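Undergrad: Please read through the structure below; I'll follow up with questions.
The values are calculated or read from the model by the stated rules, or taken from the named source; none is laboratory data. Everything quoted here is computed from the prediction, not taken from an experiment. Here the Cβ positions follow ideal geometry from the backbone for every residue, glycine too, while neighbour counts run over all protein chains shown. Accessible surface is based on the protein model in full, side chains and every heavy atom, while ligands, DNA and RNA are left aside. Shrake-Rupley method; radii C 1.70, N 1.55, O 1.52, S 1.80 Å.
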Amino acid sequence: MRSTKLFKEAQELFPMGVNSPVRYYSPEPVMFQQAHGSKAIDVNGKEYIDYSLGFGPMILGHADPVVSNYIKSQVDKGILFGSISENEIRLGTIIKNAVGSIEKLRFTNSGTEATMHAIRLARGFTGKKYIVKMEGGYHGAHDYALIKSGSGTMTFGVPSSAGIPDDVSKTVLVGQYNNIESIEKIFSEHGDDIAAIITEPVLGNMGVINPEKDFLKSLREITEKYSSLLIFDEVITGFRFGFKGYQDIVGIKPDLTTMGKIIGGGAPVGMFGGRGDIMDHIAPMGNVYEAGTFSGNPLTMAAGMATMEQLKGKDYSLVDNYAGRLEKELNSLISEYHIDATINRCHSMFQLFFNMGKVTDYNTAIASDAGKFTKMFHMLLDKGIFFPPSQFETEFVSFAHSEGDLEKTVNAFSSVLKCL
Ligand SMILES: Cc1ncc(COP(=O)(O)O)c(C=O)c1O
């Protein structure tokens, strides 16, 4: 098969044949050649209904014609200026107007860069050294964040990467999501030296885990009490549940926010922003350094604007309802076939955990049968359904998913869960 031949070539070039670890699974990952709407087509010509959506960004579906046209017209005008351009202002304004806590912002090229700079800024602004993160929370692949991390690090069992100097990892304190006592304990020991808490408001990198009542509010209160900053990492959740951040849905104002994925419409992007007085500490006005040759580049800005301008008029209940109906159908199949599984959903994001109990934090997520998930993943793949390949990722629904997709997905699940 063409895919096998190509993957052999890829393995000669890239470690395990991939350019990001979670894309690898045995015997060989699907190799896509194109994608349109809710479907992706592999190099062997097989079509899949896509619930990975590039790990989240493609909320309008693939190759959306408006996004493609914006990008094409930008190509003719130039793809890199290395100086401020109007589209950066337009996209920045859209984000600022939509997200309550953002007064100033900077674009980066990835979510990883966004969280790295936000953490450095929090340290530079407060003059404090510790960062608190949640066990299993993922904030990208840099030294400040790869401590007891989620996503691919959980899939491959390297939650704390080798190669990070002890002096750096010791400055990251790890609490438990949905367990405010664990956070209070850290603050009671180190409170005066904590620059910030960083957390995804809804965890999306160990499956989907919703915040329990008042958890996020308590994070806000404790950071205020100790004059630390609260950073919401909304790389996944930004503009996923409505034309706003998750923070605007729950009415909690973080000091800094990071975003990525959707705001770039599928092009490489990240953003960090928040209180103006904090953001003014960024160079050249301030003494916290942050930079990027490609930051705010015209192609990303074009893809981002085309996506955001369309999203603004969208009825998000459509994607929420699709995910809700899928959840309901899957739950009936789970009962019918007596499967030990539970589904967590937040609007249009969901995950099926092979776990009898509720999944509310790292310990309950890790107790799931990840091997069974992998089995399900491969069986679904055979039937033309593409899920992200790990128990510790998230399924997404796009505005391009249709009634027909829903029906096919439920039918595929029916035969897969029956076999499991
Ligand atoms: C919550 C969160 N933060 C940060 C990142 C890193 O973003 P990127 O992969 O664009 O570097 C991710 C990536 O999945 C993420 O889910």
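Undergrad: Return only the number of the condition from (1) outside any loop (DSSP other than H, G, I, E, B); (2) surrounded by fewer than 18 Cβ atoms within 10 Å (Cβ to Cβ) that Gly124 does not satisfy.
TA: (2)
Undergrad: Is at least one residue of segment 105-120 outside any helix (DSSP H, G or I), at pLDDT below 95 and within 30 Å of Val172 (Cβ to Cβ)?
TA: Taking every residue of segment 105-120 in turn, none turns out to be outside any helix (DSSP H, G or I), at pLDDT below 95 and within 30 Å of Val172 (Cβ to Cβ).
Undergrad: Search segment 127-143 for residues being open to solvent by 50 Å² or more (accessible area, probe 1.4 Å) and more than 16 Å from the chain's Cα centre (by Cα), and hand back the single one that is farthest from the ligand (Cβ to nearest atom).
TA: Restricting to residues being open to solvent by 50 Å² or more (accessible area, probe 1.4 Å) and more than 16 Å from the chain's Cα centre (by Cα), the top hit is Gly127.
Undergrad: A further question on this structure: If the requirement is being at pLDDT 95 or above and among the charged types (D, E, K, R), which of these qualifies: Lys129, Lys148, Lys170?
TA: Sole residue among the options that is at pLDDT 95 or above and among the charged types (D, E, K, R): Lys129.
Undergrad: Ser149 passes all but one of (1) open to solvent by less than 20 Å² (accessible area, probe 1.4 Å); (2) in contact (Cβ under 8 Å) with a residue 60 or more places away in the chain; (3) hydroxyl-bearing (Ser, Thr, Tyr); which number fails?
TA: Checking Ser149 against (1) open to solvent by less than 20 Å² (accessible area, probe 1.4 Å); (2) in contact (Cβ under 8 Å) with a residue 60 or more places away in the chain; (3) hydroxyl-bearing (Ser, Thr, Tyr), the one that fails is (2).
Undergrad: Output the residues belonging to segment 331-346 that are over 20 Å from Leu53 (Cα atoms) and not β-branched (Val, Ile, Thr).
TA: Asn331, Ser332, Leu333, Ser335, Glu336, Tyr337, His338, Asp340, Ala341
Undergrad: Now for a separate question. For residues that are closer than 25 Å to Phe239 by Cα and not in a loop (DSSP other than H, G, I, E, B), tally how many sit in segment 283-299.
TA: 2
Undergrad: Could you please give the count of residues in segment 55-107 that are small (Gly, Ala, Ser) and on the phi > 0 side of the Ramachandran plot?
TA: The total comes to 5.
Undergrad: Ok, one more. Could you tell me whether Cys419 is open to solvent by less than 10 Å² (accessible area, probe 1.4 Å) and not aliphatic (A, V, I, L, M)?
TA: Answer is no for this residue.
Undergrad: Separate question: From the list Gly61, Gly111, Gly92, Gly124, pick out the single residue that is farther than 18 Å from Ala306 by Cβ, more than 16 Å from the ligand (Cβ to nearest atom) and either over 20 Å from the mean Cα position of the chain (by Cα) or not hydroxyl-bearing (Ser, Thr, Tyr) (or both).
TA: The match here is Gly124.
Undergrad: Now for a separate question. Let me confirm something: among Ser332, Ser368, Ser415, which residue is hydroxyl-bearing (Ser, Thr, Tyr) and outside any helix (DSSP H, G or I)?
TA: The conditions single out Ser368.
Undergrad: Given the condition more than 16 Å from the ligand (Cβ to nearest atom), modelled with pLDDT of 95 or more and within 14 Å of Lys39 (Cα to Cα), answer yes or no: does some residue in segment 67-84 qualify?
TA: no
Undergrad: Looking at segment 53-73, I want the residues that are in contact (Cβ under 8 Å) with a residue 60 or more places away in the chain and among the charged types (D, E, K, R) and have a partner that is away from the ligand (no atom under 16 Å from the Cβ) and open to solvent by less than 50 Å² (accessible area, probe 1.4 Å) with Cβ atoms under 7 Å, at least 6 apart or on another chain. Which pairs are those?
TA: Once the first residue is in contact (Cβ under 8 Å) with a residue 60 or more places away in the chain and among the charged types (D, E, K, R) and sits in segment 53-73, no partner that is away from the ligand (no atom under 16 Å from the Cβ) and open to solvent by less than 50 Å² (accessible area, probe 1.4 Å) comes close enough.
Residues are listed down the side, and each one gets a yes or a no for (1) in contact (Cβ under 8 Å) with a residue 40 or more places away in the chain; (2) hydroxyl-bearing (Ser, Thr, Tyr); (3) within 19 Å of Leu53 (Cα to Cα):
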site: Tyr316; (1), (2), (3): yes, yes, yes
site: Glu327; (1), (2), (3): no, no, yes
site: Ser348; (1), (2), (3): yes, yes, yes
site: Phe386; (1), (2), (3): yes, no, yes
site: Val397; (1), (2), (3): yes, no, yes
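Undergrad: Same structure again: Being open to solvent by 30 Å² or more (accessible area, probe 1.4 Å), at pLDDT 95 or above, under 23 Å from Glu395 (Cβ atoms) and out of contact with any His (no Cβ under 9 Å at 6 or more places or on another chain) is the requirement here; does Asn210 meet it?
TA: Against the criterion (open to solvent by 30 Å² or more (accessible area, probe 1.4 Å), at pLDDT 95 or above, under 23 Å from Glu395 (Cβ atoms) and out of contact with any His (no Cβ under 9 Å at 6 or more places or on another chain)), Asn210 qualifies.
Each row is one residue, and each column tells you yes or no for (1) buried (at least 17 other Cβ atoms within 10 Å of the Cβ); (2) acidic (Asp, Glu); (3) not assigned by TED's automatic domain parsing to the domain that holds Glu395.
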residue	(1), (2), (3)
Gly286	no, no, yes
Gly292	no, no, yes
Thr307	yes, no, yes
Glu327	no, yes, no
Leu333	yes, no, no
His338	no, no, no
Ala341	yes, no, no
Leu352	yes, no, no
Val359	yes, no, no
